[in-house]
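One structure below.
The values are calculated or read from the model by the stated rules, or taken from the named source; none is laboratory data. Every value quoted in this text rests on a predicted model; they were computed, and no experiment measured them. Backbone-built Cβ (ideal geometry, glycine too); neighbour counts: all protein chains shown. What goes into the accessible areas is simple: the full protein's heavy atoms, side chains included, and nothing from ligands, DNA or RNA. Shrake-Rupley method; radii C 1.70, N 1.55, O 1.52, S 1.80 Å.
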Amino acid sequence: MRRSQALDLAEDDVVRDIGYVSTQDGTRIAYISYRPKSGRYPTILLYDPYTASATRFLEAKEFLDAGYAFVGANMTATGSSEGIVDHWYTRKEGVHGAEVVEWIASQPWSDGNVGMIGNSSAGSSQLWVAAENPPHLKAIVPTGIEDDYVNHEYIGGVPQPMLVEWAFRTQFLSALPGIQWRIKQGDTECNQILKSGRQSIKKPFYEEMLKHPFKDEWWDQVSPVRQDVAGKINVPTLIVAAFQDYGATAESIKIFIQQMVKVNYKKLVMVNGDHGSAGPGPSGYSIVDAERMKFLDRWVKGVKNGVENDPPVTVYWEVKVPERNSKKSVAGWVTHHETWPDPAVERRRLYLTGDAKLSPDHPRATPDDGARLYLYPIGVEQIFDNEQFAVEPRSAGVLNYRTAAATSDMTLLGNPEVTIYISIGRGDDADIALTLKDIDPNGNVLFLQSGLRRASFREIDEVQSYADEVVPTFRKDEKLKPGKIYEIRMSLIGPIAHVVRSGHCLELTIAAPSAIMGLPAGAISVNRVYHSEKYPSNILLPILRSAVIKAPPPELGQLLGQPWRKGTSFVAGGLLPTHELIETAAETGSLDHKRPT
């Protein structure tokens, strides 16, 4: 079958139905459907906890114009859907979603072929549904997946306050516009359902997540990143993730390379961008829209477009959004890879030095182990938008390290690994927040990626860890003792694809997390980071030597998810230089800080 020329349908050209699908256990799932007035069509399903069952025509139009019917359904116990669940993220959501798939296939306007799309929660829901292996589900395109302990709710072991807010809003507020719209459109059952007790979440997710600060059995049950969920999927799968989408790329890669071993046709697409960049809708990149449609056309519609012959991994480099319009997205260039990480990537170690440099030279022995001091937790670098990023962190609370200007272009593809030797002055813990940045010849600072780790989570999960990511077990914490030096191995929150061009520098910052990213553990403390032969703090960079750069550097402000600030002079950060601090302390006896052992 060939793909027909795209249509340009108006709302009057289609049939819209608002109703409920009855599942085998008697639960009614709210849905909305759009389809042309005659004929049988392959169907796209959106299944989420927000407003899927109140999807507007313009949101469905992209798929209708491409020759599909469209169905939006609210997940169990969300929106106008019935359901009694203990909490979110259970198999019941997958079972009910699979029954919706089969209901679609049985409709007279369906040709029996169903594909799923959706970002964030609507991406994760596809994993649960596909794990049930409904016969008429032909392909899924989950994007922006981030929903487990490691990559979402407790990044680096640090509880995320903004996700508590998300969970609260999703349960009590986010679905309201969809509910109100359905009622205005004539849904007479919605109010009855909400008042009848047939919709109930017994244990709000935002409360449950806070009850489980360790990655325990409860987290194992609610995460789809495991063999009996993601590992059971057997339909063609396209996963799309944005590098600066908080935790999504790391989780997507883990699912792709560790869980989906039964999937014959799978593809991973990665782009620079934020949480909305990979998804459908107005925030999604046009280049991702094209990838999604090509994949759906092949596996749901049956168009022989050769997508099965594409390499498994595609990376879009330096995607720009002129006028901040995602539908005008333009990639600098594209690379294809047979696996992840690419075997051609070389790991280059740069050492953090006592004089605030990133150097290829191994540090030598020094009397004080090259210690640098910073005041914890007053140094915070906000990374969520240009306005926040423009405020430089308080210098006494951060330690900055910078490379010499590059003499040639350096291409990074993968997740840097950072090893820090640290001691605390007071308390029993500390949170380490990292930012990696590109500095141009004018001193302008571009955010690349962040990192976060609670220092008491030092035990490494050797099964989950691999060449591109160091993953702690998060099963137990090991509290710190003031004055003792500890090794902290950590990856950044996710990989990057970035070119450090000739004349540019890399800068690494050690700081504390902002309140949005987690209330800092431990106490107000003078903490030390060490740089010596015995304690060689370092960063391991993933270098792709064979890369061919095919575009000039993008203008600042055109990369979503990557805030920037105007050029400033380099600030090393920290408290007094170590030798001055020791002399001052010796003279005054005013510094209460145990000598490390």
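Ranked highest first by the average count of other Cβ atoms within 10 Å around their residues, in what order do 346-355, 234-243, 132-141 fall? Present the calculation step by step, with values, prior to reporting the outcome.
Details: 346-355: 17.0, 234-243: 26.0, 132-141: 21.3.
Order by mean packing, descending: 234-243, 132-141, 346-355.
Take MET162: with every protein chain present and a 1.4 Å probe, its accessible area is about 50 Å².
Distance from the alpha carbon centroid of the stretch 188-257 to that of the stretch 450-484 works out to 23 angstrom.
With a Förster radius of 30 Å, plug the Cβ-Cβ distance of LEU519 and THR568 into 1/(1 + (r/R0)^6) and report the FRET value to the nearest 0.05.
In this case the efficiency is close to 0.55.
Lysines near LYS37 by alpha-carbon distance under 20 Å, same-chain residues fewer than 8 away left out - which ones? Correct list for LYS37: LYS61, LYS301. Karplus-derived 3J(HN,Hα) values for the stretch 271-288, using 6.51 cos²θ - 1.76 cosθ + 1.60 with θ = phi - 60°, are 9, 6, x, 9, 5, x, 4, 8, x, x, x, x, 7, x, 5, 4, 5, 6 Hz; glycine and proline are entered as x.
Counting every pair of alpha carbons in the stretch 478-585, the share spaced more than 23 Å apart comes to 51 percent. Coupling constants for the stretch 73-83 follow from the phi torsions by the Karplus curve (6.51 cos²θ - 1.76 cosθ + 1.60, θ = phi - 60°), and in residue order they are 9, 7, 4, 3, 6, 10, x, 9, 7, 6, x Hz; glycine and proline get x.
Using θ = phi - 60° in the Karplus curve 6.51 cos²θ - 1.76 cosθ + 1.60, the 3J(HN,Hα) couplings for the stretch 395-405 round to 4, 5, x, 9, 10, 10, 9, 9, 7, 5, 4 Hz; x is entered for Gly and Pro. Relative to the longest principal axis of the Cα atoms of the chain, helix 91-105 runs at roughly 40 degrees.
The 1.4 Å probe gives accessible areas that order ASP461, ASP25, ASP431, largest first, as ASP25, ASP461, ASP431. The gain in end-to-end length when the GLN258 to LYS484 segment is fully stretched comes to 77.7 nm, 0.36 nm per residue minus the alpha carbon separation.
When only Cα pairs under 8 Å and 6 or more residues apart are kept, what is the percent relative contact order across the stretch 407-539?
44
Loop-located trypsin sites (Lys or Arg not before Pro) in the stretch 191-250 (DSSP state not H, G, I, E or B) with no more than 11 neighbouring Cβ atoms inside 10 Å: LYS202. Protection proxy ranking, highest mean first, for peptides 146-155, 437-446: 146-155, 437-446, where packing is the per-residue count of other beta-carbon atoms within 10 Å, averaged.
Spin-label model, LEU173 to GLU392: label points 7 Å out along the Cα-to-beta-carbon direction sit 3.5 nm apart. If the segment from TYR466 to ARG545 were pulled out straight at 0.36 nm per residue, it would be longer than the present Cα-Cα gap by 26.3 nm.
Among the listed options [x] 47, 34, 22; [y] 46, 27, 20; [z] 50, 31, 20, the one matching semi-axes √(5λ) of the Cα gyration tensor in Å as calculated from these coordinates is [y]. For the pair GLN192 and ASN442, label points projected 7 Å from Cα toward Cβ lie 6.5 nm apart.
Looking at the square roots a ≥ b ≥ c of the eigenvalues of the Cα gyration tensor of the stretch 316-358, which shape do they give, rounded for a/c under 1.5, prolate if a/b is larger than b/c, or oblate? It comes out oblate by the Cα gyration axes.
The charge dipole of the chain, taken about the Cα centre with unit charges on the Cβ atoms of Lys, Arg (+1) and Asp, Glu (-1), comes to about 520 debye, rounded to the nearest 20.
So for the chain, averaging the separation of alpha carbon pairs under 8 Å that are six or more residues apart and normalising by length, what relative contact order in percent results?
Relative contact order for the chain comes out at 14 percent.
The portion of the accessible surface of the stretch 13-337 made up by carbon and sulfur, rounded to a whole percent, is 50 (1.4 Å probe; DNA, RNA and ligands excluded).
Just order 38-46, 254-262, 183-191 by mean Cβ neighbour count inside 10 Å, highest at the front, would you? Spell out each step's value before the answer.
Details: 38-46: 21.1, 254-262: 18.8, 183-191: 14.0.
The peptides rank, most packed first, as 38-46, 254-262, 183-191.
At 1.4 Å probe radius, can you tell me the per residue accessible area of the chain in Å²?
Working: 23240 Å² over 597 residues.
Averaged over the residues of the chain, the accessible area is 39 Å².
At q = 0.07, 0.10 Å⁻¹, what log₁₀ I(q)/I(0) does a Debye calculation on the Cα points of the stretch 13-337 give, no solvent, two decimals? Normalising to I(0) and taking log10 leaves -0.25, -0.53. Of all lysines in the structure, the ones whose alpha carbon falls short of 16 Å from that of LYS294, not counting any fewer than 8 places away in one chain, are LYS138, LYS266, LYS267, LYS304.
So what is the relative contact order of the stretch 13-337, in percent, for Cα pairs below 8 Å that sit 6 or more residues apart?
16
Could you tell me how many degrees, from 0 to 90 and to the nearest 10, lie between the Cα long axis of helix 121-130 and the main elongation axis, the longest principal axis, of the Cα atoms of the chain? That works out to roughly 60 degrees. Could you work out how far the C-alpha centroid of the stretch 354-401 sits from that of the stretch 62-120, in angstrom? Using only Cα atoms, the two centres lie 48 Å from each other. Placing a label point 7 Å from the Cα of PHE214 along the Cα-to-Cβ line, the residues of the stretch 461-483 whose backbone N sits under 11 Å from it are 474-478. By the rule of a C-alpha distance below 17 Å, with chain neighbours fewer than 8 residues away ignored, the lysines paired with LYS481 are LYS594.
How far, in degrees from 0 to 90, does helix 161-172 lean away from the longest principal axis of the Cα atoms of the chain, to the nearest 10? Tilt of helix 161-172: around 20 degrees.
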